[in-house]
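> Here it is, the structure, as structure tokens.
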């Protein structure tokens, strides 16, 4: 039996904060198990939210300054977390996803900021980061990367869906150890942006959308977007919402509540369409399937009800801790796998020419 205690850091595209998960991973009899020991969320100050939003159109100098500053900020939060939970000398490593600014696999590039060398120096711990670029260099999409955790930690579920800024899904296929995954559509990025226009941070439980009605014409236009014509593996850049989805929605002279209702329906519809496509391609019996759903979108009751209504199998929403911290937990696992020199990014998911032992390692 081998055990590792690691901190995972996840900063999602919805910019709702830095998720921190301190986990114990056990490897015994060729199986991985885990315990979540402590968790926390650091809500970004408004100045960081605005800075990150500006970075895609900022200068190279500004981008690199922010990369360094965010690494220092992450390190300070890790140290505060360690002090809060009395974890001094109890952490083997820190694994940090960073925050994605650019993601263009077709141009062979991706950019996650949050300087790993700064985190290592300030926390005095080994740090693993930059999990995506190696896969892209090998011809992959560089995303999703969480499916390694779906395979090793959540094997009881055929499908694992995460509804964050972008909704992504993984599926265990009938081939031995086979798993595929991809981004389905923009999710909370769009819903939050629309809710902001009504003075809300997000659509709590879908209450704003419940006050609207679905606009059939907008729903149809959304369904015709080019991304949905692509076959997996495929992925979305954070700019897709800002540059494609929101401008399209703005063409329609309907209420914000109607737009929220329509886009919520769109997420459920695209999920259904993509799962049906997976079933055909992978020759799966959907009625024998189960799906685990995590991410902030789980707290949108209307969205979850719509998803359950269009899928022919059991949809499981786990305990709140797993809902909120699944990605940070898997990032921690990926750091452990990297330190063991084991595969943590899968070519069956990303379309790369080979599996990757991904992550840059910084030692204090």
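> From the list 284, 292, exactly one residue is over 24 Å from residue 219 (Cα atoms) and in a loop (DSSP other than H, G, I, E, B). Which is it?
Unique residue meeting the criteria: 284.
> Does the range 32-52 hold any residues that are part of a strand (DSSP E or B) and out of contact with any helix residue (DSSP H, G or I) (no Cβ under 9 Å at 6 or more places or on another chain), and which are they?
Step one: of the range 32-52, the residues part of a strand (DSSP E or B) are 32-42.
Selection gives 35, 37.
> Just to be sure, is residue 89 over 25 Å from residue 278 (Cβ atoms), assigned to a helix (DSSP H, G or I) and more than 16 Å from the chain's Cα centre (by Cα)? Write out each step before concluding.
Details: over 25 Å from residue 278 (Cβ atoms): yes; assigned to a helix (DSSP H, G or I): no; more than 16 Å from the chain's Cα centre (by Cα): yes.
No: the conditions fail for residue 89.
> Output yes when any residue across the range 22-31 is under 30 Å from residue 243 (Cβ atoms), assigned to a loop (DSSP other than H, G, I, E, B) and in the same structural domain as residue 112 (by TED's automatic domain parsing), and no when none is. If you could, list the steps in order and put the result at the bottom.
Going residue by residue through the range 22-31, those that are under 30 Å from residue 243 (Cβ atoms) are none.
The answer is no; no qualifying residue exists.
> Shifting gears a bit: If you check every pair at least six apart or on different chains, which have Cβ atoms under 8 Å apart with a residue in the range 296-311 that is touching a residue at least 12 places away in the same chain (Cβ under 8 Å) first and a residue that is outside any helix (DSSP H, G or I) and surrounded by fewer than 19 Cβ atoms within 10 Å (Cβ to Cβ) second?
Listed by first residue and then by second, the contacts come to 298/317; 304/315; 304/317; 307/315.
Per-residue answers, yes or no, for (1) over 30 Å from residue 91 (Cα atoms); (2) under 20 Å from the mean Cα position of the chain (by Cα):
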position	(1), (2)
288	yes, no
303	yes, yes
310	yes, no
329	no, yes
336	no, yes
343	no, yes
359	no, yes
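> Is there a residue being in a loop (DSSP other than H, G, I, E, B) and either crowded, with 16+ Cβ neighbours inside 10 Å or free of Cβ contacts under 8 Å to residues at least 12 places away in the same chain (or both) anywhere in the range 53-62? Give the steps one after another, and end with the answer.
Filtering the range 53-62 down to residues in a loop (DSSP other than H, G, I, E, B) leaves 58-59.
In the following step, the residues that additionally are either crowded, with 16+ Cβ neighbours inside 10 Å or free of Cβ contacts under 8 Å to residues at least 12 places away in the same chain (or both) were identified as 58-59.
Looking through the range 53-62, at least one residue is in a loop (DSSP other than H, G, I, E, B) and either crowded, with 16+ Cβ neighbours inside 10 Å or free of Cβ contacts under 8 Å to residues at least 12 places away in the same chain (or both).
> Does residue 349 count as in contact with a helix residue (DSSP H, G or I) (Cβ under 9 Å, 6 or more places away or on another chain), assigned to a helix (DSSP H, G or I) and in the same structural domain as residue 112 (by TED's automatic domain parsing)?
Working: in contact with a helix residue (DSSP H, G or I) (Cβ under 9 Å, 6 or more places away or on another chain): yes; assigned to a helix (DSSP H, G or I): yes; in the same structural domain as residue 112 (by TED's automatic domain parsing): yes.
So residue 349 passes the test.
> Could I ask something else about it? When the range 114-130 is examined, which residues are found to be in contact with a strand residue (DSSP E or B) (Cβ under 7 Å, 6 or more places away or on another chain), part of a loop (DSSP other than H, G, I, E, B) and surrounded by 24 or more Cβ atoms within 10 Å (Cβ to Cβ)?
Keep residues of the range 114-130 that are in contact with a strand residue (DSSP E or B) (Cβ under 7 Å, 6 or more places away or on another chain), which gives 114, 116-117, 119-120, 123, 125-130.
Narrowing further to those that are part of a loop (DSSP other than H, G, I, E, B): 114, 125-126, 130.
Scanning the range 114-130 gives a single hit, 114.
> Sticking with this structure for a sec: Yes or no: residue 140 surrounded by 15 or more Cβ atoms within 10 Å (Cβ to Cβ), under 23 Å from residue 323 (Cβ atoms) and touching a helix residue (DSSP H, G or I) at 6+ places or on another chain (Cβ under 9 Å)?
Values: surrounded by 15 or more Cβ atoms within 10 Å (Cβ to Cβ): yes; under 23 Å from residue 323 (Cβ atoms): no; touching a helix residue (DSSP H, G or I) at 6+ places or on another chain (Cβ under 9 Å): yes.
No; evaluated as a whole, the condition is false for this residue.
> Identify the residue in the range 245-256 that is in contact with a helix residue (DSSP H, G or I) (Cβ under 8 Å, 6 or more places away or on another chain) and assigned to a helix (DSSP H, G or I) and, among all such residues, is surrounded by the most Cβ atoms within 10 Å (Cβ to Cβ).
249
> Restricting to the range 184-204, name every residue that is farther than 22 Å from residue 169 by Cα, in a helix (DSSP H, G or I) and touching a residue at least 24 places away in the same chain (Cβ under 8 Å).
Across the range 184-204, the qualifying residues are 193, 194, 195, 204.
> Is there a residue being part of a loop (DSSP other than H, G, I, E, B), surrounded by 21 or more Cβ atoms within 10 Å (Cβ to Cβ), assigned by TED's automatic domain parsing to the domain that holds residue 186 and at pLDDT 95 or above anywhere in the range 225-233?
no
> Quick test for you: out of 74, 81, 102, pick the one residue that is surrounded by 15 or more Cβ atoms within 10 Å (Cβ to Cβ), outside any loop (DSSP other than H, G, I, E, B) and in contact with a helix residue (DSSP H, G or I) (Cβ under 6 Å, 6 or more places away or on another chain). Break it down stepwise before answering.
Numbers: 81 fails: in contact with a helix residue (DSSP H, G or I) (Cβ under 6 Å, 6 or more places away or on another chain); 102 fails: in contact with a helix residue (DSSP H, G or I) (Cβ under 6 Å, 6 or more places away or on another chain).
74 is the lone residue from the list that is surrounded by 15 or more Cβ atoms within 10 Å (Cβ to Cβ), outside any loop (DSSP other than H, G, I, E, B) and in contact with a helix residue (DSSP H, G or I) (Cβ under 6 Å, 6 or more places away or on another chain).
> Would you please name the residue that is nearest to residue 284 (Cα to Cα), looking only at residues in the range 169-183 that are touching a residue at least 40 places away in the same chain (Cβ under 8 Å) and part of a strand (DSSP E or B)?
Step one: of the range 169-183, the residues touching a residue at least 40 places away in the same chain (Cβ under 8 Å) are 169-171, 173-174, 178-183.
If we keep only those that are part of a strand (DSSP E or B) as well, we get 169-171, 179-183.
Values: 169: 15, 170: 14, 171: 10, 179: 13, 180: 13, 181: 15, 182: 17, 183: 20 Å.
Result: 171.
> If you don't mind, there's one more thing I want to ask. Based on this model, can you work out whether residue 237 counts as over 22 Å from the mean Cα position of the chain (by Cα) and either buried (at least 17 other Cβ atoms within 10 Å of the Cβ) or at pLDDT 95 or above (or both)?
Details: over 22 Å from the mean Cα position of the chain (by Cα): no; either buried (at least 17 other Cβ atoms within 10 Å of the Cβ) or at pLDDT 95 or above (or both): yes.
No.
> I'm trying to understand the selection: among the residues of the range 133-164, which are modelled with pLDDT under 95 and over 20 Å from residue 95 (Cβ atoms)?
Result: 141, 155, 156.
> For the range 269-276, indicate whether the set of residues that are farther than 19 Å from residue 158 by Cβ, at pLDDT 95 or above and in the same structural domain as residue 202 (by TED's automatic domain parsing) is non-empty. Show your work before the answer.
Within the range 269-276, the first condition is being farther than 19 Å from residue 158 by Cβ, and the residues that meet it are 269.
Filter once more, so that each one left must be at pLDDT 95 or above: 269.
Right, trim to in the same structural domain as residue 202 (by TED's automatic domain parsing) and you get 269.
So far as the range 269-276 goes, yes, one or more of its residues are farther than 19 Å from residue 158 by Cβ, at pLDDT 95 or above and in the same structural domain as residue 202 (by TED's automatic domain parsing).
The values are calculated or read from the model by the stated rules, or taken from the named source; none is laboratory data. What you see is a predicted model, and the numbers here were worked out from it, not measured in a lab. Neighbour counts are summed over all protein chains in view; Cβ atoms, including those assigned to glycine, are modelled from backbone coordinates with ideal geometry.
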